[in-house]
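Beneath this line is the structure, given in structure tokens, with notes to follow.
The values are calculated or read from the model by the stated rules, or taken from the named source; none is laboratory data. These figures come from a predicted structure and were not determined experimentally. Cβ coordinates were reconstructed from backbone atoms using ideal geometry, including for glycine residues, and neighbour counts include every protein chain displayed. Note: accessible area is taken over every heavy atom of the protein model, side chains too, but ligands, DNA and RNA are not part of it. Shrake-Rupley method; radii C 1.70, N 1.55, O 1.52, S 1.80 Å.
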Amino acid sequence: MKYAYYPGCSLNATGKEYDLSTKAVAKKIGMELQEIPDWNCCGASAAHLTNPDLALALPARNLSLAEGLGLDIAVPCAACFSRMKATVKAVRDDKKVLEKVNEIIGMEYHAENDVYNMLDIMANKVPAEEITAKVVKPLTGLKVACYYGCLLVRPPKTTQFDNPENPQSMEKVLRLTGATPIDWSFKTECCGASFAVAKQDVALEMIRRILENAKLNGAEAIATACPLCMLNLDMRQKAINAKYKTDYHFPVYYFTELLGCAMGVSPKEMGMEKHFAPVIPKMEEVWQRTQVAGREDQ
Amino acid sequence: MRQITLGKEGVEKNIIQTLQEKSGVRLSDCYQCGKCSAGCPVAFAMDLKPRQLIRLLQLEQVDEVLKSKTPWLCATCQCCFVRCPNEIKIPNLMEAVRQEAKARHIIPEKDIDKFNNLFLKNVEQFGRSHETFLMGFYNLTTGHLFQDVGCAPKLYFNKKIRIRPHVVKNKSGVKRLFQKTIEKGAK
Ligand code: SF4
Ligand code: SF4
């Protein structure tokens, strides 16, 4: 299995662990990821709120570069994924748009390759046995809230991935590690990442509601597939606790970090000490619990 | 009870026409069920709920809509669109209203506007988004000098934000792309 890999700006910076853990897991299951040469930013929501042509042209340049490699594209970041899929759909739906985009980027893009998010690949392209075969340190019983956010699953005609109200891909993948995903209602609620900087009071309230629902449903950890959601949920717990006099201390993981941990990749190797709310102690606790339970069984 | 004049001519009609064309939304498709507002995660902060914004446009009350914070607060999360029984592309409509307001220099959420502009400047310059510059310039231009500064040492220490930006090698290519879209926009 080989894909063109588009890390995007976040995975080079605040989302470094997502990059490291994705690559570590890919290596374990023998998946090849070839980084798109000289990729550029996808424009995120700023571009499509400002200039619709720009919002298509920025991803199109990357898509075209990947097409040159003759590969489908694997995208970990949910926001980049959504921009790329929107571009693919726009140019496939209307030849004129494709011509216009090609003129802007000054390249020949044909929209022949497909774009998949990393979660889709792990849940639906990689056979489950290939993952379970690699699980050596199971995360037995970890009560995890799988958080998708908005862009991975919406709108479904664009993302062509899972169910927009109650997706199950992350649950499916994480169950393979022995974890126990919980049922909860906020898995596709928006975290407000697009104005976490410019309109922080609003974003904090949106994040608080997500954390509260995870807590009410008994989660001990949150898993995500998006570096922007991660930054919001992880880094801003402190600000939320200060503002609302709450007491949230969720470890927030990339789903790839959990996969990696279960496959015996060391948390350090994936940069997991870089999170704001510590995430390694929970892993150790889970492994300890498994050992104790194992001894009691004997 | 508030009195409004229906069936206005001229400017209002034109704006409504533009909004519908730009967004691909037919305003008369909305039967005001309110599902969009019920699910909107930002509704609590909006001065007009999504349903109300559409209602005002149906009634050609363009001024109130252009002045509203709502389109600026919309996070484009697509929840409303996915749930709307009439598949009305509300996020596209929000986007169109925002662009229309901006063209008239009505910017009710200045910080959000500044952030987006800076973000794109960043990408135009470096081909990639550079978080240190983005945060720094944002804090300087808006006067929110210390926002998130508490988080910066940890981010920097963990090599998550850098002082030197990542730069795309083909910088002129990306700049050219920006230039081209601006030309297209002007046409
Ligand atoms: S959900 Fe659709 S039909 Fe219902 S009020 Fe909103 S836009 Fe109108
Ligand atoms: S797209 Fe905008 S209006 Fe629609 S639910 Fe999301 S934030 Fe609300």
- What is the log10 of I(q)/I(0) for region A:1-140, computed with the Debye formula using one identical point scatterer on each Cα and no solvent, at q = 0.12, 0.15, 0.17 Å⁻¹? -0.49, -0.73, -0.90
- Message: Show me, for region B:49-57, the HN-Hα J-couplings you get by feeding each phi into the Karplus relation (A = 6.51, B = -1.76, C = 1.60, θ = phi - 60°), rounded to Hz, glycine and proline as x.
- Response: 5, x, 4, 5, 4, 5, 4, 4, 5
- Task: Pop out the ³J(HN,Hα) list for region A:216-223 in order, Karplus 6.51 cos²θ - 1.76 cosθ + 1.60 with θ = phi - 60°, rounded to Hz; leave Gly and Pro as x.
- Result: 4, 9, x, 6, 10, 7, 10, 10
- Message: Can you give me the long-range amide H partners of A:Y253? Hydrogens built in the peptide plane at 1.01 Å from N, cutoff under 5 Å, separation of 5 or more residues or another chain.
- Response: A:I222, A:A223, A:T224
- Note on the structure: Taking a probe of 1.4 Å and leaving out DNA, RNA and ligands, the protein assembly as shown shows per residue an accessible area in Å² of 43
- Query: Could you give the nm distance between label points at B:E183 and A:I29, where each point is 7 Å from its Cα heading toward the beta carbon?
  - Reply: 4.5
- Between A:V115 and residues 5 or more places away or on another chain, the pairs with built amide H atoms under 5 Å apart involve A:I73
- Debye, to nearest 20: dipole size of chain A, +1 on Lys, Arg Cβ, -1 on Asp, Glu Cβ: 540
- Query: Using all Cα-Cα distances in region B:8-103, what percent lands in each 5 angstrom bin from 0 up to the longest?
  - Reply: 2, 15, 29, 28, 18, 6, 2, 0
- Message: Quick check: Cα centre of region A:229-289 to Cα centre of region A:1-24, how many Å?
- Response: 18
- Message: Tell me the mean residue ellipticity at 222 nm calculated for chain A from its helices only (DSSP H runs of n ≥ 4, each -39500 (n - 2.57), averaged over every residue, nearest 500).
- Response: -14000 deg cm²/dmol
- Message: For chain A, take the longest principal axis of its alpha carbons; what is the angle in degrees between that and the long axis of helix A:78-93, to the nearest 10 within 0 to 90?
- Response: 30
- Query: Near the amide H of A:T180, under 5 Å away, which other amide H atoms are found, from residues 5 or more places off or on another chain, if H is placed in the peptide plane?
  - Reply: A:G141, A:L142, A:K143, A:V144
- Looking only at lysines whose Cα falls under 19 Å of A:K245's and that sit 8 or more positions away or on another chain, we get A:K215
- Task: Output the Cα-based Rg and Dmax of the protein assembly as shown in Å, rounding Rg to one decimal and Dmax to a whole number.
- Result: 22.6, 84
- Query: For region A:137-153, what does the Karplus curve 6.51 cos²θ - 1.76 cosθ + 1.60, with θ = phi - 60°, yield as ³J(HN,Hα) per residue in whole Hz, taken in order and with x for Gly and Pro?
  - Reply: 10, x, 9, 3, x, 4, 7, 10, 8, 7, 10, 9, x, 8, 6, 5, 10
- Query: Shape call for region B:20-63 from the C-alpha gyration tensor, a ≥ b ≥ c root eigenvalues: rounded (a/c under 1.5), prolate (a/b greater than b/c) or oblate?
  - Reply: prolate
- Just list whichever of A:K2/B:K114; A:K238/A:K268; A:K96/A:K172; A:K100/B:K69; A:K23/B:K175 have alpha carbons separated by over 29 Å in the model shown. A:K2/B:K114; A:K96/A:K172; A:K100/B:K69; A:K23/B:K175
- Using a simple spin-label model with points 7 Å from Cα along the Cα→Cβ vector, what separation in nm is obtained for A:T246 and B:Y31? 3.7
